[in-house]
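The values are calculated or read from the model by the stated rules, or taken from the named source; none is laboratory data. As the structure is a computational prediction, the values presented were derived from the model and not from experiment. Virtual Cβ from ideal backbone geometry, glycine too; neighbours counted across all protein chains shown. Keep in mind that these areas ignore ligands, DNA and RNA; they rest on the heavy atoms of the full protein, side chains included. Shrake-Rupley method; radii C 1.70, N 1.55, O 1.52, S 1.80 Å.
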Amino acid sequence: MSMQKTVIVKCGGNAAVDVVTVCRNIAELRGEGAAVVVVHGGSADIDRLAARLGVATRRMYATDGMSARYTDPATLEVVQLALAGAVKPRLVTALLKAGVSAIGLTGVDGGLVRAHRRTAQRATVNGKRVVVRDDHSGRVTGVDARLLTMLLAADHTPVISPPVLAADGRPVNADADRVAAAVAVALGASALVLLTGVPGVLADPADEAAVLDVCEVPASGPPPYVGGGIGTKLVAAREALVGGVPQVMIAQGARPRPVHRALAGEGTRVILRAPEPTTGPDARTPTSAR
């Protein structure tokens, strides 16, 4: 199999993403010689299982408006059960049915994805500003590309999800979009496609027709849009771009051939905002002009 083109597909946890359609399209990509890695979340399944088990679901909000799942010990168990026990088998079986040899992994398997465990952090939970000390989540710090490269070379398609492995050897939750970005960087992927339930980044969250063709993100600081979970996707996109991934698309996962359509430009292409030019008496002549 040709390894020249590697595409990372993040299949969102939004219930509006059509898993069967996505998997059939991945089979098309594989037939064209592309190496594909699938990364998935599963927010809908996590919330549904938490409700069945009587585990409260809570969100933490940072001062910049970004939010994350509050992963206390009980929620971490739910995350593992929902992703590894429900979402991943659903994706793997759909890929197998489409003719793709898929292997399901969590970030813990083989120490595939490592993270720095978050300790005490200030956040707003249930409308109150608190210091959170029991959140079992982490920031991704590395991906073992060797394991993925071996699987891809053997003609398999890895299907990856949280949890990931903290430095203390225990599992922690991590944002699946950012896991996908880290995988894309580690493999030197040609593209990262973040599939979600909306057509792309919306200038107006209430209007799905207001899709941006291109969204610029700053090299640091909060992204330009944070509502509806899009902020985390833009942060993940930035991490992929900074890491050298040349194309990052945010696109709808319910349309026919969603990955092909995203790679062709349908959806929102995320790019890094060019740095502001330096002016004034201390400005230096650009290197290219010297």
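Would the range 59-98 count as rounded, prolate or oblate if I go by the C-alpha gyration tensor, calling it rounded below 1.5 in a/c and otherwise prolate when a/b exceeds b/c, oblate otherwise? Don't jump to the answer; show the numbers that get you there.
Numbers: a/c = 7.76, a/b = 2.04, b/c = 3.80.
In terms of gyration-tensor shape, oblate.
Residues considered: 253, 200, 85. Largest GNM mean-square fluctuation over the chain, using C-alpha springs under 10 Å, is found at 85. Measuring only protein heavy atoms, the 1.4 Å probe finds residue 178 accessible over about 60 Å².
Among DSSP bridges having both ends in the chain, what percentage is antiparallel? Round to the nearest 5. Can you show the working numbers first?
Numbers: 20 of 50 bridges.
In the chain, approximately 40 percent of DSSP beta bridges are antiparallel ones.
Might you tell me the accessible area per residue for the chain, computed with a 1.4 Å probe and given in Å²?
Details: 13580 Å² over 290 residues.
Value for the chain: 47 Å² per residue.
In this label model, residue 139 and residue 274 are separated by 3.0 nm, measuring between points 7 Å along each Cα→Cβ vector.
Select from 48, 69, 269 the residue whose mean-square fluctuation is largest in a Gaussian network model of the chain (Cα-Cα springs shorter than 10 Å). Top of the fluctuation ranking is 48. Modelled label positions at residue 154 and residue 214, each set 7 Å beyond Cα in the direction of Cβ, lie 4.3 nm from each other.
Can you tell me, using C-alpha contacts under 8 Å and at least 6 residues apart, the relative contact order of the chain as a whole percent? Intermediate results must be reported in sequence, preceding the final value.
On the way: 632 pairs, mean separation 64.0, N = 290.
About 22 percent, as a whole number.
Note on the range 54-111: with neighbouring protein chains present and a 1.4 Å probe, carbon and sulfur make up 57 percent of its accessible heavy-atom surface. Helical content alone sets the calculated 222 nm signal of the chain at -8500 deg cm²/dmol, taking -39,500 (n - 2.57) per DSSP H segment of four or more residues and averaging over every residue. Taking only protein heavy atoms and a 1.4 Å probe, the accessible area of the range 151-287 is 53% carbon and sulfur. Gyration tensor over the Cα atoms of the range 1-112: the corresponding equivalent ellipsoid has semi-axes (square roots of 5 times the eigenvalues, largest first) of 29, 16, 13 Å. GNM on the chain, alpha-carbon springs under 10 angstrom: the most fluctuating residue among 35, 56, 176 is 56. Extension gain, residue 5 to residue 52, is 12.7 nm, computed as 0.36 nm per intervening residue step minus the present C-alpha separation.
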